[in-house]
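Report on the following structure.
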Amino acid sequence: MRLIFVTLLALMLATVVGLGATWMTATRGTDLGTLTIGAWTARPKTGTADVDPYSRASIARSGELPVGTGDGVAFSATSDDRKKPLDGRCDVVVSGVTPAARFWTLTLYDQKGRLIANSLQRYGFTSQEIIRGSDGAFEIRVASRSRAGNWLPTGGIERYALMLRLYDTPVGVATRAPRDAPMPSIATVGCP
């Protein structure tokens, strides 16, 4: 009788651990095949047949449509370069240049992956509409209140994520270092 009880207990424990680990990897993802440059993180293999099973499960659960490798790569950031979480009540500056790409977009999302409602109905910028300096660099202010220049409104939400999608770019699976892909810096410059 004791052997049956111990066996059932071990099976239940294994089931709980297995299902819990599966749920965590499907909701939070893993670092397998992750490319991190500064505050930006990408999973270049998500749009290929070589995607790892954990990322595949995460994509299936979220319903997102990843950018294919031949099309480009998507980088996301939920914190600034100093690892401080992006806060919609603070002023955040995204500045610098992007890696070589035919076209890029920078979009603001909430923690659930939805566009953030705001009175201007501005949810991001594209490489064609951004105001740049004479050296080609840009500066985007992400803030709850209106700012001069490239301003992206946060609606004052507590946490958000930035998504930088690079289309028709050499950045991808073979990229290993920041010099291979100069990403814009993200800095929190003011918080009430």
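The values are calculated or read from the model by the stated rules, or taken from the named source; none is laboratory data. Quick caveat: nothing in here was measured; it's all calculated off a predicted structure. Neighbour counts run over all protein chains shown; Cβ positions are idealised from the backbone, glycine included.
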(request) Confirm whether Ala101 is among the aliphatic types (A, V, I, L, M), at pLDDT 90 or above and farther than 24 Å from Gly155 by Cβ. (result) no
(request) Can you tell me which residue among Arg165, Arg147, Arg122, Arg82 is among the basic types (Lys, Arg), closer than 17 Å to Thr41 by Cα, outside any strand (DSSP E or B) and in the same structural domain as Ala39 (by TED's automatic domain parsing)? (result) Arg82
(request) Please indicate, with yes or no, whether at least one residue in the range 4-26 is under 18 Å from Gly113 (Cβ atoms), modelled with pLDDT under 65 and either surrounded by 12 or more Cβ atoms within 10 Å (Cβ to Cβ) or within 18 Å of the chain's Cα centre (by Cα) (or both). (result) yes
(request) List the number of the failed condition for Trp151; all other conditions in (1) within 19 Å of the chain's Cα centre (by Cα); (2) surrounded by fewer than 18 Cβ atoms within 10 Å (Cβ to Cβ); (3) of a type outside the set (A, V, I, L, M) hold. (result) (1)
(request) Select from the range 77-117 the residues that are of a type in the set (Val, Ile, Thr) and either surrounded by 17 or more Cβ atoms within 10 Å (Cβ to Cβ) or out of contact with any Gly (no Cβ under 8 Å at 6 or more places or on another chain) (or both) and list them in ascending order. (result) Thr78, Val92, Val93, Val94, Thr98, Thr105, Thr107, Ile116
